[in-house]
Amino acid sequence: MRAVVKDGVGIFYPQGFLDGNNAPSFLTIDDIKATEQLKVDMLLVSLKKVIFFNFNGIDVFVKLLLRIRIKNHIAIGICDYDRKKYDAIMTYYKDNLSFSLFKNSRIAELFASNFVVKDKTVLLYSSDPSQRSAMAIELYDHGHNPVISQTKEDFDEKAIHHDAYYEIIENTRLGLMGQKVATRVTGNAIIYTVSGFLDAEIGNTFNIAYHTNSLNVGFRLFIFDAYKVISMNVHAVNFLSKLCSSAAEYNATISFVGMTFEKTPIAFKEELEDSGMMFFNNMDDILKDKELLEELGGSSVAAIKNKRTLTKTIVAELPDFIDATVTTIEMMTNAKAVKKSANMQTIAIENIDDKMASSIGFYGNIDGMIILIFPKEVAKKSCALLIGEETDDPNQILDALAEFVNIIGGRTKTLLAEKQISVDITLPRTYETAQKLLEVASMKKGVQVDMSFNDDNFTFFLTR
Amino acid sequence: MITAEDIKEYIKKIPPTPAILNETILHVNAGDLTKAAKVAQEDLALASYLRNLVNKPIYGFKNEVHDISQIFGILGVNIAKQSLYNYMLSLLSPKKWVLFAMNQHLFYDLQADLSKHWYDILEHLNIDDKDIGSAITLLPSSIIICEALFKENIENVKLLRSTKNLDYNTILKRLTKLDLFDISKYIAKTWQMPESIGTIILASSGTRPASDERLNNLGKWMHLLLFYELSKPQFLEAGLNDFIEFNVEYVMDIYEDFMKVMEVKE
């Protein structure tokens, strides 16, 4: 059994009966190895489709999760259970509950570093005050607005108005959360949240690949939310200095917000300033100051001055990229996809108002970005297999487009691996309008391939 | 990936019931097991299948039963009919499995386990009906159909399932508007099985409840029984556990009873 991965959260979905006799058979050695290689911030086991489990059964999964957490520093837990299952887990692990319990996967996603949805108002209650606080802090840190009930009565009263909340959180507990540096995107700035004492470990917990790709796709402002940083040592300073130097090559700015330096040598601050790091007391000093934001590059995802062009190696692999796109379209639609034209150019989109787009980056032996642009109706059709029922909900369509481009990325990765070209793929990104895509990619030169299936047109664009 | 045309092609290839089997079933339906045994032993493959089936540990016979008349006598009318349908279905199973890590031996084990437990369930429900007893035999057809339709698309499905929690049945339904159980129902029709069998099979998918409450209830028992079986290590390792989606809510009202019948301690 393999975990299904979305937005940096991997979930196992076992079905049926789970006991000590059969649980090891859910996870082959290959499954375990594949799980260890997953680039996720959170790994969960869903009990949604499990009708019976006992300690020996669930513990096989818990042991795997614990092993992955030690290796990859990620958050782990169990989700999608009812009260009876929750009570059973609490009984099994009452003295040793070091993983999280999320009543459902939507709640889990709220605590995930890379979950795209932010600013959600949620109702929160736990009879354990320390859990209540821990969850509230994590939710704030992840950019949400928790409404905290101090008593069950208050919670029940508020929960009646369930429409007022994105999610109602109860029967949920936080275990040790992941130690990865949490990442979120606000407007066109990327915010990394760090806390505690920063040392050499930041080199392991900071997702350098994500950062590099963000630079590649045009992000220019990176903010370290450091309100909860107590101090740092020379190893952390070295790491951050290097980060600033590499950012300078892209004309990007790295800033540190909220750190007091009361317990840190001021020389460290000076060294970081020399590397180009900027320091601010409050997040609003940057995010609410439009002029400064523009100056720092956070007002738009600017096109890169020194545009990176497609290399010969990438162009040589163009057939694989197109093949991955065509076969995915054919798989999803059962229709024959046809290449109409291919040109080296900057991106050109006709009837821009009617278009949606998604993109995925790849990095490794070669790096670049695949962009797909669809008319809205065609996006719906091409994602029908993923969406299921007919829907006009743009969020659902965008969600499916992200999954769609993720499949193309996965297929490309496999095709390239057959030629000994190793790449990893980034999280997919979606654009509700083509205009938003152009903010990122209008100046980028690449290969534009116009394609069609069943007389519907869509555009594939490969760039760096 | 898979089109409605592919399904039509598959359906065309479903063979009619062999003449000997038809005749044997007629005698079983008439309650004449002696005549049924006499006809059955003319078909060496059928005779061998029945010997193999009856001597599986789940039937619990101490000594090996070899004689076909004796086998029919031991099985009785209901299980004899069930076994004949099981044989019919085994004719559809592939010689070499590609999508699922199955083999003939494992498939026969699955058939035997399902049939025996179905018998226990019907006994618990006080149902003595040859047709309903035989309904279970068609359930594994969904696995055979899944293997046949998806074996050429293993990599595609793997990719799809790495990003979305989709089972084969849902994928097929979304691609072709038909699911595995529609095709199972068609097989039932081709083999002139009673209509109630097709209805129970559809309900056992967990997604198509029957309007007839009695048949729907049997569909629930069958759905839960399927996942009880597919949770066994050998079928998990064969990759069968998530070929369709388990609908927990659908079976919740019979769960306690089911656990008693299966003697599972909670």
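The values are calculated or read from the model by the stated rules, or taken from the named source; none is laboratory data. As the structure is a computational prediction, the values presented were derived from the model and not from experiment. Neighbour counts are summed over all protein chains in view; Cβ atoms, including those assigned to glycine, are modelled from backbone coordinates with ideal geometry.
Hey, any hits in the range A:91-105 for a residue that's within 30 Å of A:Ala209 (Cα to Cα), out of contact with any Gly (no Cβ under 7 Å at 6 or more places or on another chain) and in the same structural domain as A:Ile29 (by TED's automatic domain parsing)?
From the range A:91-105, those within 30 Å of A:Ala209 (Cα to Cα) are A:98-102, A:104-105; that's our starting set.
With the extra rule that they be out of contact with any Gly (no Cβ under 7 Å at 6 or more places or on another chain), the set shrinks to A:104-105.
Filter again for in the same structural domain as A:Ile29 (by TED's automatic domain parsing), leaving A:104-105.
Checking the range A:91-105: at least one residue is within 30 Å of A:Ala209 (Cα to Cα), out of contact with any Gly (no Cβ under 7 Å at 6 or more places or on another chain) and in the same structural domain as A:Ile29 (by TED's automatic domain parsing).
Can you find a residue in the range B:172-182 that is closer than 27 Å to A:Gly10 by Cβ, part of a helix (DSSP H, G or I), in contact (Cβ under 8 Å) with a residue 40 or more places away in the chain and away from chain A (no Cβ under 12 Å)? Talk me through it step by step, then tell me what you get.
Taking the range B:172-182 first, the residues closer than 27 Å to A:Gly10 by Cβ are B:172-175.
Restricting the remaining residues to those that are part of a helix (DSSP H, G or I) gives B:172-175.
This time we only want the ones that are in contact (Cβ under 8 Å) with a residue 40 or more places away in the chain, so: B:172, B:175.
After this cut, where a residue has to be away from chain A (no Cβ under 12 Å) as well, the list is none.
Within the range B:172-182 (the criterion being closer than 27 Å to A:Gly10 by Cβ, part of a helix (DSSP H, G or I), in contact (Cβ under 8 Å) with a residue 40 or more places away in the chain and away from chain A (no Cβ under 12 Å)), the answer is no, since none of the residues qualifies.
Which residue pairs have Cβ atoms closer than 8 Å, lie 6 or more positions apart in sequence or on different chains, and pair a first residue in the range A:150-163 that is under 16 Å from A:Asp128 (Cβ atoms) with a second residue that is modelled with pLDDT under 90?
What qualifies is A:Gln150/A:Arg132; A:Lys152/A:Ser127.
Restricting to the range A:252-286, and then to whatever is of a type outside the set (Ser, Thr, Tyr), outside any loop (DSSP other than H, G, I, E, B) and in contact with a Lys or Arg (Cβ under 9 Å, 6 or more places away or on another chain), can you tell me which residue is surrounded by the most Cβ atoms within 10 Å (Cβ to Cβ)? Break it down stepwise before answering.
The initial filter retains those residues of the range A:252-286 that are of a type outside the set (Ser, Thr, Tyr), namely A:252, A:254, A:256-259, A:261-263, A:265-274, A:276-286.
Remaining after also requiring outside any loop (DSSP other than H, G, I, E, B): A:254, A:256-257, A:266-274, A:278-280, A:284-286.
Next, from what is left, pick out any that are in contact with a Lys or Arg (Cβ under 9 Å, 6 or more places away or on another chain): A:256, A:279.
Details: A:Phe256: 22, A:Phe279: 16.
Once the filter is applied, the top-ranked residue is A:Phe256.
With the requirement that a residue be under 26 Å from B:Asp129 (Cβ atoms) and in a loop (DSSP other than H, G, I, E, B), what does the range B:19-52 give you?
Across the range B:19-52, the qualifying residues are B:Ala30, B:Gly31, B:Asp32.
Could you tell me whether any residue of the range A:453-464 is of a type outside the set (A, V, I, L, M) and assigned to a helix (DSSP H, G or I)? Steps first, please.
In the first step, residues of the range A:453-464 are kept if they are of a type outside the set (A, V, I, L, M); the result is A:453-461, A:463-464.
Still in the list and also assigned to a helix (DSSP H, G or I): none.
No; the residues of the range A:453-464 include none that is of a type outside the set (A, V, I, L, M) and assigned to a helix (DSSP H, G or I).
Would you please name the residue that is farthest from the chain's Cα centre (by Cα), looking only at residues in the range A:10-29 that are facing chain B (nearest Cβ under 8 Å) and of a type in the set (Val, Ile, Thr)?
A:Thr28
Given the criteria within 12 Å of chain A (Cβ to nearest Cβ), over 28 Å from A:Thr28 (Cβ atoms) and not small (Gly, Ala, Ser), does B:Phe235 qualify? Give the derivation first.
Values: within 12 Å of chain A (Cβ to nearest Cβ): yes; over 28 Å from A:Thr28 (Cβ atoms): no; not small (Gly, Ala, Ser): yes.
In short, no.
Residue check: is B:Glu123 under 16 Å from the mean Cα position of the chain (by Cα) and more than 14 Å from chain A (Cβ to nearest Cβ)? Step through it out loud before you land on a result.
Values: under 16 Å from the mean Cα position of the chain (by Cα): no; more than 14 Å from chain A (Cβ to nearest Cβ): yes.
It is false that B:Glu123 is under 16 Å from the mean Cα position of the chain (by Cα) and more than 14 Å from chain A (Cβ to nearest Cβ).
For the structure I just gave you, tell me whether A:Gly77 is within 14 Å of another protein chain (Cβ to nearest Cβ) and within 26 Å of B:Val248 (Cβ to Cβ).
Values: within 14 Å of another protein chain (Cβ to nearest Cβ): no; within 26 Å of B:Val248 (Cβ to Cβ): yes.
Here the answer is no, as A:Gly77 does not meet what is asked.
Looking at A:Arg464, is it touching a strand residue (DSSP E or B) at 6+ places or on another chain (Cβ under 6 Å) and within 21 Å of A:Asp320 (Cα to Cα)?
The answer is yes for A:Arg464.
If I ask for residues that are more than 21 Å from A:Gly8 (Cβ to Cβ), within 14 Å of another protein chain (Cβ to nearest Cβ) and outside any helix (DSSP H, G or I), which ones from the range A:417-435 would you list?
Once the filter is applied, which keeps residues that are more than 21 Å from A:Gly8 (Cβ to Cβ), within 14 Å of another protein chain (Cβ to nearest Cβ) and outside any helix (DSSP H, G or I), the range A:417-435 yields only A:Glu418.
Hey, any hits in the range B:92-105 for a residue that's within 12 Å of chain A (Cβ to nearest Cβ) and either surrounded by fewer than 18 Cβ atoms within 10 Å (Cβ to Cβ) or over 11 Å from the mean Cα position of the chain (by Cα) (or both)? Give the derivation first.
Within the range B:92-105, the subset within 12 Å of chain A (Cβ to nearest Cβ) is B:101.
So of that shortlist, the ones also either surrounded by fewer than 18 Cβ atoms within 10 Å (Cβ to Cβ) or over 11 Å from the mean Cα position of the chain (by Cα) (or both) come out as B:101.
Yes, that holds for at least one residue.
Please tell me if B:Ala47 is hydrophobic (A, V, I, L, M, F, W, C), at pLDDT 90 or above and in contact with a Ser or Thr (Cβ under 7 Å, 6 or more places away or on another chain). Break it down stepwise before answering.
Numbers: hydrophobic (A, V, I, L, M, F, W, C): yes; at pLDDT 90 or above: yes; in contact with a Ser or Thr (Cβ under 7 Å, 6 or more places away or on another chain): no.
No; evaluated as a whole, the condition is false for this residue.
Please state which one of A:Val62, A:Val45 is touching a Phe, Trp or Tyr at 6+ places or on another chain (Cβ under 6 Å), away from every other protein chain (no Cβ under 12 Å) and modelled with pLDDT of 90 or more.
Details: A:Val62 fails: touching a Phe, Trp or Tyr at 6+ places or on another chain (Cβ under 6 Å).
After ruling out the rest, the residue left standing is A:Val45.
Being in a strand (DSSP E or B), at pLDDT below 90 and either facing another protein chain (nearest Cβ under 9 Å) or surrounded by 21 or more Cβ atoms within 10 Å (Cβ to Cβ) (or both): is that true of A:Val5 here? It would help to see each step written out before you state the result.
Numbers: in a strand (DSSP E or B): yes; at pLDDT below 90: yes; either facing another protein chain (nearest Cβ under 9 Å) or surrounded by 21 or more Cβ atoms within 10 Å (Cβ to Cβ) (or both): yes.
Considered against the rule, which asks whether it is in a strand (DSSP E or B), at pLDDT below 90 and either facing another protein chain (nearest Cβ under 9 Å) or surrounded by 21 or more Cβ atoms within 10 Å (Cβ to Cβ) (or both), A:Val5 comes out as yes.
If a residue has to be among the acidic types (Asp, Glu) and either within 7 Å of chain A (Cβ to nearest Cβ) or touching a Cys at 6+ places or on another chain (Cβ under 9 Å) (or both) to count, how many in the range B:156-170 make the cut?
0
Matching residues to (1) of a type outside the set (Phe, Trp, Tyr); (2) modelled with pLDDT of 85 or more:
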position: A:Leu416; (1), (2): yes, yes
position: A:Val423; (1), (2): yes, yes
position: A:Thr426; (1), (2): yes, no
position: A:Lys436; (1), (2): yes, no
position: A:Ser442; (1), (2): yes, no
position: A:Val449; (1), (2): yes, yes
position: A:Asn454; (1), (2): yes, no
position: A:Phe461; (1), (2): no, yes
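Within the range A:17-63, can you find the residues that are over 29 Å from A:His142 (Cβ atoms) and among the hydroxyl-bearing types (Ser, Thr, Tyr)?
Result: A:Ser25, A:Thr28.
With the requirement that a residue be away from chain A (no Cβ under 13 Å), in a helix (DSSP H, G or I) and within 17 Å of B:Asp179 (Cβ to Cβ), what does the range B:198-230 give you?
The answer is B:Gly198, B:Thr199, B:Ile200, B:Ile201, B:Leu202, B:Ala203, B:Gly219, B:Met222.
Would you confirm whether any residue within the range A:216-225 is surrounded by 14 or more Cβ atoms within 10 Å (Cβ to Cβ) and in a helix (DSSP H, G or I)? So that I can check it myself, show each step before the final result.
So in the range A:216-225, the residues surrounded by 14 or more Cβ atoms within 10 Å (Cβ to Cβ) come out as A:216-225.
Imposing the further condition that a residue be in a helix (DSSP H, G or I) reduces the set to A:216.
Yes, that holds for at least one residue.
Being more than 20 Å from the chain's Cα centre (by Cα), within 11 Å of another protein chain (Cβ to nearest Cβ) and assigned to a helix (DSSP H, G or I) is the filter here; which residues of the range B:257-266 pass it?
Residues of the range B:257-266 that are more than 20 Å from the chain's Cα centre (by Cα), as a first pass: B:257, B:259-260, B:263-266.
Keeping just the survivors that are within 11 Å of another protein chain (Cβ to nearest Cβ) gives B:259, B:264-266.
Selection gives B:Met259 alone.
What residue, of A:Lys288, A:Lys242, is among the basic types (Lys, Arg) and either modelled with pLDDT of 85 or more or not assigned by TED's automatic domain parsing to the domain that holds A:Thr205 (or both)?
On the way: A:Lys288 fails: either modelled with pLDDT of 85 or more or not assigned by TED's automatic domain parsing to the domain that holds A:Thr205 (or both).
Exactly one residue qualifies, and that residue is A:Lys242.
For the range B:18-37, how many residues meet the condition of being in contact with a helix residue (DSSP H, G or I) (Cβ under 6 Å, 6 or more places away or on another chain) and either within 14 Å of chain A (Cβ to nearest Cβ) or of a type in the set (Ser, Thr, Tyr) (or both)?
1
Give me the residue from the range B:112-134 that is polar (S, T, N, Q) and over 17 Å from B:His223 (Cβ atoms) and, out of that set, modelled with the lowest pLDDT.
So in the range B:112-134, the residues polar (S, T, N, Q) come out as B:115, B:126, B:134.
Still in the running and over 17 Å from B:His223 (Cβ atoms): B:126, B:134.
Values: B:Asn126: 93, B:Ser134: 85.
For the range B:112-134, the residue satisfying everything is B:Ser134.
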